[in-house]
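For reference, the structure is listed below as structure tokens.
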Amino acid sequence: MADIAIRAVRKSYGKTPTLHGIDLAFASGEFVVILGPSGCGKSTLLRMIAGLEEITAGEIAINGRVVNRLEPRERGCAMVFQNYALYPHMTVAGNIGYALKVAGVPKAERLRRIEETARIVGLVDYLDRKPAALSGGQRQRVAMARAIIREPSVFLFDEPLSNLDAKLRVTMRAEIRKLHQRLSATSIFVTHDQVEAMTLADKLVVMNKGVVEQVGQPLDIYHRPASIFVASFIGSPAMNLFDAHISVDDACLAFGGTKVAIDKALAARLGERHVTVGIRPEQCVVTSEARGISMKVDFVEELGSGRVVHSELDGHPFAACVDEETLVRPGDRIALELPLAHLHVFDRETGRRIELEFEPRSGRSATKRQMLEAV
Amino acid sequence: MIQRTPFANALTYGVMIFGFLLLIGPFVVIVSGASQTFQQVNSIPFSFLPQDRLLENMSAAWTRASLGTAMLNSFVMASLVTVGKVALSALTAFAIVFFRTPLKGFFFWMVFITLMLPLEVRVVPTYAVAADLFQPVRLLISAVTGFEVSVDWNLLNSYAGLTLPLIATATGTFLYRQFYLTLPDELAEAARMDGSGPIRFFIDMLLPLSRTNMLALTTIMFVYGWNQYLWPLLMVTDPQYKTTMMSLVALLPSDNGTPDWNVTLAGSLIIMLPPLVVVAVLQRWFVRGLVATEK
């Protein structure tokens with residue numbers, strides 16, 4: 001159990017900066033997921049916590065102790081690698097027990113703990129095998145057992161599920177979550193898969209291009225993405241984003257040949273400007289021609305439990321989730337209502353979120369619930 | 001071959017048999033000649049049939065060229081070269097691949113460049129160094145103080161002199177470097193996370209993983225060390241340190257002596273045996289290591 005503080009941490013390779021000042025704090029026992037596209041610096045950050053990369057500037061503290069100058073073994077972290085990095089010439093037991101062997105734990109004690117750890121991950125029957133004779137999921141378990149046996153205060157996972165097939169990934173995801181509940185060590189999990197991130201995280205960190213875009217609980221981030229990047233990265237199918245114009249005189253948000261009326265005071269506060277507006281496909285509502293925006297259906301994706309309708313709005317691709325009963329075919333027209341409560345508005349220059357509520361902290365206020373329909 | 005026609009098959013076999021005869025031919029001559037009497041070996045045409053005089057000829061060769069000491073010397077030399085070379089290359093490659101130092105590239109190229117300088121090319125300067133190891137220090141002292149210090153320190157007529165120059169070459173380092181580069185970085189990182197330092201990592205991970213590599217290098221180096229001729233010829237004047245390749249000369253019939261080629265051939269057969277045994281024994285491990293590659 002340990003809390004982690006990351007203060008103004010930077011990383012450059014030669015003259016190329018990859019991390020531009022990261023500030024994060026993780027509470028003890030938290031399951032943190034760092035999410036971002038490849039090359040965003042998430043793995044670098046994890047490796048810096050582990051001690052495998054040098055810290056160019058700033059400091060990292062584990063349990064209040066600055067670890068910048070400490071060797072990996074002195075930091076109390078254990079890491080699960082993407083390709084597992086098992087020792088190919090050692091048996092499963094040898095792999096799991098290697099850290100103890102290095103630490104000079106007596107053999108009897110070591111064997112007892114290997115057995116105990118193997119039981120947690122369900123590998124007792126495979127202790128004599130070499131990694132080459134194991135399946136992907138079993139190798140993954142060995143890698144986890146190797147981390148568990150050290151009784152670390154911090155678990156680090158570097159995209160540990162991305163080498164597994166889709167079904168196994170779901171199983172292992174659940175197992176990692178269960179393991180965390182059982183051991184309750186602070187865990188940091190790096191991934192580019194937003195489903196993994198949403199399902200596993202107590203706290204989600206979204207990174208892009210070497211900066212932290214947003215930190216928060218998964219649902220908060222889903223409901224209130226702080227930037228266009230976060231909005232488009234979280235959620236599947238991805239959020240629809242299109243251009244709109246805020247008109248102060250008409251007190252409305254104009255897009256797609258329609259106008260959505262907004263509160264006068266709000267319009268005055270935001271001012272006359274062009275913005276980017278987003279709405280999640282699952283929050284579009286199918287309605288009548290008179291009330292909604294009419295769009296031509298380009299193609300339809302069947303999901304079984306429903307379908308995703310793809311069309312276009314103002315030249316931007318637009319997806320909407322509809323239920324099983326709504327039968328549409330390519331070429332049909334569909335009318336969609338975009339409820340104001342579910343609209344996300346972003347500044348077009350900075351990409352940051354613009355709050356539509358008067359008082360962002362007051363939760364879902366009355367103004368937001370005023371669903372004003374298309375004119 | 002993609003196409004399988006009778007003609008193509010016949011051609012393939014023809015080429016293969018031709019190559020086989022070319023390789024095995026001299027060996028057949030040695031074996032049959034070594035087992036024949038003086039008269040038989042000198043009769044024309046030469047008979048390729050082995051006879052029953054092999055052991056007699058061998059013992060004659062053994063005493064004439066005093067192969068006992070020579071074999072021992074060669075064995076010690078080849079073993080020292082092998083062990084030294086494997087140890088040195090494993091360690092130098094370890095330093096080059098796994099450590100981040102500013103001069104890493106420089107050192108690698110310095111080692112690499114010696115690939116282009118085999119012993120035969122630098123034999124004269126190497127001999128000069130081996131014959132007078134104290135020379136650089138002496139030059140330095142005389143340059144600084146003006147004194148001439150006379151210290152006689154050389155490697156002539158010693159096992160060190162026979163082996164050291166053969167150990168310090170780049171081939172093995174290069175082989176090991178290529179092998180280390182195939183190991184994923186995560187392996188070293190995982191070991192670091194498990195608390196193992198560099199030496200521990202070398203012993204626990206790299207040595208067992210490079211077993212195949214090591215056996216291949218051992219095979220090559222033992223044969224290489226055993227077959228050295230030029231260097232022992234230069235370094236050794238004392239018959240106590242003679243190697244087999246040098247005593248082979250003593251077995252050759254002299255210009256006006258009796259042409260007893262049967263004894264010469266029996267001697268060379270004895271000299272050929274140890275590397276043959278090493279290759280035969282290690283090849284089994286070597287092939288097994290290659291077949292059962294672990295990912």
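Can you name the residue in region A:94-120 that is away from every other protein chain (no Cβ under 14 Å), closer than 22 Å to B:Gly195 by Cα and hydrophobic (A, V, I, L, M, F, W, C) and, of all such residues, is surrounded by the most Cβ atoms within 10 Å (Cβ to Cβ)?
That would be A:Ala118.
Identify the single condition in (1) in a helix (DSSP H, G or I); (2) surrounded by 15 or more Cβ atoms within 10 Å (Cβ to Cβ) that A:Arg269 does not satisfy, given that it satisfies every other one.
Failed condition: (2).
Being surrounded by 22 or more Cβ atoms within 10 Å (Cβ to Cβ) and modelled with pLDDT under 85 is the filter here, so list the residues in region B:225-246 that pass it.
none
Hey, can you tell me all the residues within region A:176-191 that are part of a helix (DSSP H, G or I) and under 18 Å from the mean Cα position of the chain (by Cα)?
Once the filter is applied, which keeps residues that are part of a helix (DSSP H, G or I) and under 18 Å from the mean Cα position of the chain (by Cα), region A:176-191 yields A:Ile176, A:Arg177, A:His180.
Scan region B:140-186 for residues that are of a type in the set (Gly, Ala, Ser) and under 30 Å from B:Leu215 (Cβ atoms) and jot them down.
Answer for region B:140-186, where residues must be of a type in the set (Gly, Ala, Ser) and under 30 Å from B:Leu215 (Cβ atoms): B:Ser158, B:Ala160, B:Gly161, B:Ala168, B:Ala170, B:Gly172.
State yes or no: is A:Glu74 within 19 Å of A:Thr186 (Cα to Cα) and charged (D, E, K, R)?
The answer is yes for A:Glu74.
Starting from residues that are assigned to a loop (DSSP other than H, G, I, E, B) and at the interface with chain B (Cβ under 8 Å from one of its Cβ atoms), keep the ones in region A:69-83 and report whichever is surrounded by the fewest Cβ atoms within 10 Å (Cβ to Cβ).
Taking the candidates together, the pick is A:Glu71.
Could you tell me how many of the residues in region A:247-259 are assigned to a loop (DSSP other than H, G, I, E, B) and either touching an Asp or Glu at 6+ places or on another chain (Cβ under 6 Å) or surrounded by 21 or more Cβ atoms within 10 Å (Cβ to Cβ) (or both)?
2
Scan region B:141-155 and give yes if some residue there is buried (at least 20 other Cβ atoms within 10 Å of the Cβ) and in contact (Cβ under 8 Å) with a residue 40 or more places away in the chain, otherwise no.
Looking for residues that are buried (at least 20 other Cβ atoms within 10 Å of the Cβ) and in contact (Cβ under 8 Å) with a residue 40 or more places away in the chain, one finds none in region B:141-155, hence no.
Whether any residue in region A:171-182 is assigned by TED's automatic domain parsing to the domain that holds A:Gly64 and in contact with an Asp or Glu (Cβ under 7 Å, 6 or more places away or on another chain) is what I want to check.
Within region A:171-182 (the criterion being assigned by TED's automatic domain parsing to the domain that holds A:Gly64 and in contact with an Asp or Glu (Cβ under 7 Å, 6 or more places away or on another chain)), the answer is yes, since at least one residue qualifies.
Looking at region A:347-354, is at least one residue hydrophobic (A, V, I, L, M, F, W, C), in a loop (DSSP other than H, G, I, E, B) and modelled with pLDDT under 90?
no
So, in region A:67-109, of the ones that are touching a strand residue (DSSP E or B) at 6+ places or on another chain (Cβ under 9 Å) and of a type outside the set (A, V, I, L, M), which residue ends up farthest from A:Arg146 (Cα to Cα)?
A:Asn68
From the residues in region B:203-216 that are in contact (Cβ under 8 Å) with a residue 24 or more places away in the chain, out of contact with any Leu (no Cβ under 6 Å at 6 or more places or on another chain) and of a type outside the set (S, T, N, Q), which one is nearest to the other protein chains (Cβ to nearest Cβ)?
Only one residue fits best here, namely B:Leu209.
Go through region A:6-22 residue by residue and tally those that are in contact (Cβ under 8 Å) with a residue 24 or more places away in the chain and either more than 20 Å from the chain's Cα centre (by Cα) or over 27 Å from A:Leu183 (Cβ atoms) (or both).
The number of residues fulfilling the criteria is 11.
Right, A:Ser38: out of contact with any Gly (no Cβ under 7 Å at 6 or more places or on another chain) and over 12 Å from A:Ile188 (Cβ atoms) or not?
In short, yes.
Hey, among B:Phe202, B:Phe222, which residue is surrounded by fewer than 20 Cβ atoms within 10 Å (Cβ to Cβ) and hydrophobic (A, V, I, L, M, F, W, C)?
Exactly one of B:Phe202, B:Phe222 is surrounded by fewer than 20 Cβ atoms within 10 Å (Cβ to Cβ) and hydrophobic (A, V, I, L, M, F, W, C), namely B:Phe202.
Pick out the one residue from A:Ala238, A:Ala244 that is not in a strand (DSSP E or B) and not acidic (Asp, Glu).
Exactly one residue qualifies, and that residue is A:Ala238.
Within region B:168-202, track down each residue that is away from every other protein chain (no Cβ under 11 Å), hydrophobic (A, V, I, L, M, F, W, C) and free of Cβ contacts under 8 Å to residues at least 60 places away in the same chain.
Answer for region B:168-202, where residues must be away from every other protein chain (no Cβ under 11 Å), hydrophobic (A, V, I, L, M, F, W, C) and free of Cβ contacts under 8 Å to residues at least 60 places away in the same chain: B:Ala170, B:Ile199.
If you scan region A:299-350, which residues turn out to be buried (at least 17 other Cβ atoms within 10 Å of the Cβ) and among the small types (Gly, Ala, Ser)?
Listed by number, the residues that qualify are A:Ser311, A:Ala319, A:Ala320.
With the requirement that a residue be in contact (Cβ under 8 Å) with a residue 40 or more places away in the chain and buried (at least 21 other Cβ atoms within 10 Å of the Cβ), what does region A:51-61 give you?
Matches in region A:51-61: A:Ile60 only.
Let me spell it out: the conditions are (1) crowded, with 20+ Cβ neighbours inside 10 Å; (2) out of contact with any helix residue (DSSP H, G or I) (no Cβ under 8 Å at 6 or more places or on another chain), and A:Ser227 meets all of them except one. Which number is the exception?
(1)
The values are calculated or read from the model by the stated rules, or taken from the named source; none is laboratory data. Since the model is a prediction, treat every value here as computed from it, not as a measurement. Neighbour counts run over all protein chains shown; Cβ positions are idealised from the backbone, glycine included.
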